[in-house]
Amino acid sequence: MKPTHPAPLDLVIFGGAGDLSVRKLLPALYMAHLHGNLPEDTHIHALGRQAWDRQEFLRFIEDKVRGFIGAQAYRDEVWASFVNRLSYLRVDATEAVHYADLKAGMRPGAERVYYLATAPSLFVGICARLDAAGLIDEASRIVLEKPLGHDLASAQEINRDVGRYFQEHQIFRIDHYLGKETVQNLMVLRFGNSIFEPLWRSPHIRSVQITVAESVGVGSRAGFYDGTGAMRDMIQNHLLQLLCIVAMEPPVSLDPDAVRDEKLKVLRSLRPMSVADVARDTVRGQYTAGASQGEAAVGYLQEENIPPGSTTETFVALKAHINNWRWANVPFFLRTGKRMAARQSEIVIEFADLPFTVFGESPHRSVNRLMIRLQPEEHIQLQMMAKEPGSGMKLRPVKLDLDLQTAFSERRAEAYERLLIDVIKGRLTHFMRRDELEAAWAWVEPIINGWQQLGDKPRPYTAGTWGPAASSALMAREGGAWVEEA
């Protein structure tokens with residue numbers, strides 16, 4: 001019997017000359033190519049509206065993309081073989097006639113992956129025109145970039161309309177935080193070890209903090225961002241997905257639906273917020289002029305393409321509760337913002353206070369924390385108390401480190417590279433299912449509506465700080481503090 005060979009793969013990027021493609025997708029595909037993780041017969045079709053020929057496109061990415069590939073990974077001969085996989089086609093995604101040109105460039109019998117690095121408003125039209133051109137079959141897959149909708153109704157509409165052309169197992173709703181090594185390691189930390197599971201619940205856990213802080217401003221995304229804001233851009237997807245992985249029950253297997261079933265249960269167990277809850281337990285902010293990373297930074301209202309008087313939030317902090325037995329009375333504090341003091345994404349599990357101390361003047365308050373850093377560096381720390389050297393029993397917090405950079409000699413792929421490989425191999429575990437997305441919107445939307453009912457305006461905070469003082473007060477009411485303030 002002759003050996004079977006995998007079908008050729010045509011990977012089509014709508015928005016192939018756009019910002020996401022330049023900064024993330026093409027560098028990730030180069031790295032996958034470098035390390036032999038792309039199927040041998042893979043061709044990458046970059047689509048854009050620019051009237052370029054292939055050589056002009058290659059000059060463009062030579063100038064733009066190489067800067068996002070680490071110097072230690074770039075090799076001339078590998079780059080030359082990588083660009084041999086690339087083609088460029090001028091396609092206006094809104095013009096049906098251009099899809100005939102796309103079809104002519106596709107290889108008969110090839111599996112097709114369509115990556116929609118475009119505005120969500122184009123998703124359904126692209127699917128319809130791909131279908132009309134005969135470019136969708138049962139082996140095709142589609143990748144949808146966030147934001148998937150502006151509210152619950154629009155998310156349901158996108159899901160419904162894309163679902164007319166692709167079945168659920170063909171749809172990959174990408175959230176790059178789910179591709180981070182430390183996030184995936186959190187699954188192993190929880191479900192591959194016996195030491196934490198007995199304590200991973202109320203009353204042994206006092207609180208959970210999830211922070212995704214950015215030191216940059218809105219930059220070139222100002223036009224998009226002002227119509228979106230931090231709640232839609234970050235809380236609804238990234239932070240709620242992190243919350244799900246922290247809070248979910250052990251799945252029966254690593255089957256994609258088994259994992260996503262448990263995440264869905266968490267989202268559906270989030271306690272709905274009333275208008276009074278929104279007023280008490282959420283904080284909106286907007287950065288003003290200050291200093292960031294040692295340089296002067298303008299305020300949000302002074303950014304290019306931001307309308308005067310905009311009330312879009314660039315910061316959100318909130319307290320959430322999960323209505324189930326495992327997490328009863330454990331507050332989850334979520335925080336995200338732009339122009340904050342540092343670029344930092346971290347999950348902090350704070351264990352319960354000591355009921356009693358035998359160490360004299362030492363406080364009853366425990367400093368036992370599990371700190372899971374996602375960026376800029378990835379590591380896991382367990383903070384414990386230890387005795388200081390010398391006579392007496394003076395205590396001091398110490399950290400047990402698992403530095404993932406040095407614990408393993410193997411190269412660790414970046415999030416987009418890992419997720420693109422998952423798409424190519426058809427692995428859905430680290431992608432959102434339709435009902436997950438809609439459950440997240442169903443919880444977030446009443447908060448947004450509550451702000452509107454309250455006439456809530458974002459509180460100012462100086463660029464280069466940790467956000468409005470009200471976010472610290474939110475924690476202080478529970479007798480806690482954000483970790484960098486503790």
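Numbers for the structure displayed
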item	result
Projected-area mean, segment 287-342, by convex hull of Cα positions, square nanometres	5.5
The chain, helix-only ellipticity at 222 nm - DSSP H runs n ≥ 4, -39,500 (n - 2.57), divided by all residues, nearest 500	-9000 deg cm²/dmol
Equivalent ellipsoid semi-axes - Cα gyration tensor, segment 311-360, angstrom	30, 18, 9
27 Å Cα-Cα threshold exceeded, pairs from Lys64/Lys146; Lys338/Lys399; Lys180/Lys457; Lys180/Lys263; Lys338/Lys457; Lys338/Lys425	Lys338/Lys399; Lys180/Lys457; Lys338/Lys425
Convex hull volume of segment 236-325 per residue (C-alpha atoms, cubic angstrom)	168
Candidate aspartates and glutamates for bridging to Lys319, where Cα separation is under 12 Å - those fewer than 8 sequence places away on the same chain excluded	Asp277, Asp281, Glu478
Alpha-carbon gyration tensor eigenvalues x 5, square-rooted, for segment 198-281, Å	28, 18, 14
Computed accessible area, Glu168, all protein chains, 1.4 angstrom probe, square angstrom	60
Accessible heavy-atom area order of Arg201, Arg427, Arg326, highest first, probe of 1.4 Å	Arg427, Arg201, Arg326
Span from the segment 458-486 Cα centroid across to the segment 274-328 one, whole angstrom	11
Segment 158-243 shape via C-alpha gyration tensor axes, a/c threshold 1.5	oblate
Cα gyration tensor shape for segment 281-379, rounded if a/c is under 1.5, else prolate or oblate	prolate
Between helix 54-64 and the chain: long-axis angle, C-alpha atoms, 0 to 90°, nearest 10	20
Cα-based equivalent ellipsoid, segment 74-184: semi-axes from gyration tensor eigenvalues, Å	25, 22, 13
Segment 378-403 versus segment 21-44: alpha-carbon centroid distance in Å	42
Space enclosed by the convex hull of the alpha-carbon atoms of segment 1-158, per residue, Å³	140
Cα gyration tensor shape of the chain, rounded if a/c is under 1.5, else prolate or oblate by comparing a/b with b/c	prolate
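The values are calculated or read from the model by the stated rules, or taken from the named source; none is laboratory data. Remember, it's a predicted structure, so these values are computed and weren't measured experimentally. When the accessible area is computed, the model is the full protein with side chains, heavy atoms only, and any ligands, DNA or RNA have been set aside. Shrake-Rupley method; radii C 1.70, N 1.55, O 1.52, S 1.80 Å.
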